[in-house]
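For reference, the structure is listed below as structure tokens.
A short reminder: the numbers here are calculations on the coordinates, not readings from a lab. The structure presented is a predicted model; accordingly, all values stated were derived computationally and were not measured. Heads up, the Cβs are rebuilt from the backbone with ideal geometry, glycines too, and the neighbour counts pull from every protein chain shown.
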Amino acid sequence: MDREQRGDSGFTLLEIMIALAIVSGLLVTLIYTLNYNLGIAQRHEFVTVATILGRNKLTELKDTPVSSEGNFPDPNADYRFRAEVKPFTFPGISEISVTVTSGTEELKLSRLVETKQ
């Protein structure tokens, strides 16, 4: 006599356990993928903002190259910069490098400029 003839139509405990295991596996995969993609998006945001801020700082230092460091103004107060001016191999040229940091992330930009003599 099978189940339907006995009136026992329903799921067995084993079927429910297997279904829960499959759903759990899918949820773990989904959460891992979401976290991974959020990490990538956060890194891209840092690189974009840091590049814009660093290029602006390089442009500022082009006319008056001086080593300095500090924070950027609001709304980017959590980004710090360190600007270094070093003489380059060729006379009359200096290298300006700006390092932008936020938390553990760091981005370095450099530019060669003609030194005014």
(request) Quick one: which residues, 5 or more positions from Phe88 or on another chain, have an amide H under 5 Å from its amide H? H modelled 1.01 Å from N in the peptide plane, none for Pro or chain starts. (result) Ile93, Ser94, Glu95
(request) Round to the nearest 10 and give me the degree value, 0 to 90, for the angle of helix 13-63's Cα axis relative to the longest principal axis of the chain. (result) 10 degrees
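As a test of the formula, what do you get for the chain when each DSSP H run with n ≥ 4 contributes -39,500 (n - 2.57) and the sum is divided by the residue count, at 222 nm and rounded to the nearest 500 deg cm²/dmol?
Helix contribution divided over all residues of the chain: -17000 deg cm²/dmol.
Pull out the extension gain between Val23 and Val85, defined as 0.36 nm times the separation in residues minus the alpha carbon to alpha carbon distance; nm, one decimal.
16.6 nm
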(request) Apply 1/(1 + (r/R0)^6) to the Cβ-Cβ distance of Gln42 and Val66, taking R0 = 30 Å, and write down the FRET efficiency to the nearest 0.05. (result) 0.40
(request) Give the longest segment of the chain that steers clear of chymotrypsin sites (Phe, Trp or Tyr not before Pro) in DSSP loops with at most 15 neighbouring Cβ atoms within 10 Å, not counting the sites themselves. (result) 12-87
(message) Assuming 0.36 nm per residue, please report the length gained on full extension of the stretch Lys116 to Phe11 beyond their Cα-Cα distance.
(response) 29.4 nm
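What net charge is computed for the residues neighbouring Arg55, neighbours being all others with C-beta under 14 Å from the C-beta of Arg55, Lys and Arg scored +1, Asp and Glu -1?
That sum, taken over residues with Cβ under 14 Å, equals +3.
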(request) May I have the extent of the alpha carbons of the chain along their three principal axes, as whole Å values ordered from largest to smallest? (result) 103, 31, 16
(message) Can you tally the net charge around Ile96? Count Lys and Arg as +1, Asp and Glu as -1, for every other residue whose Cβ sits under 15 Å from the Cβ of Ile96.
(response) +2
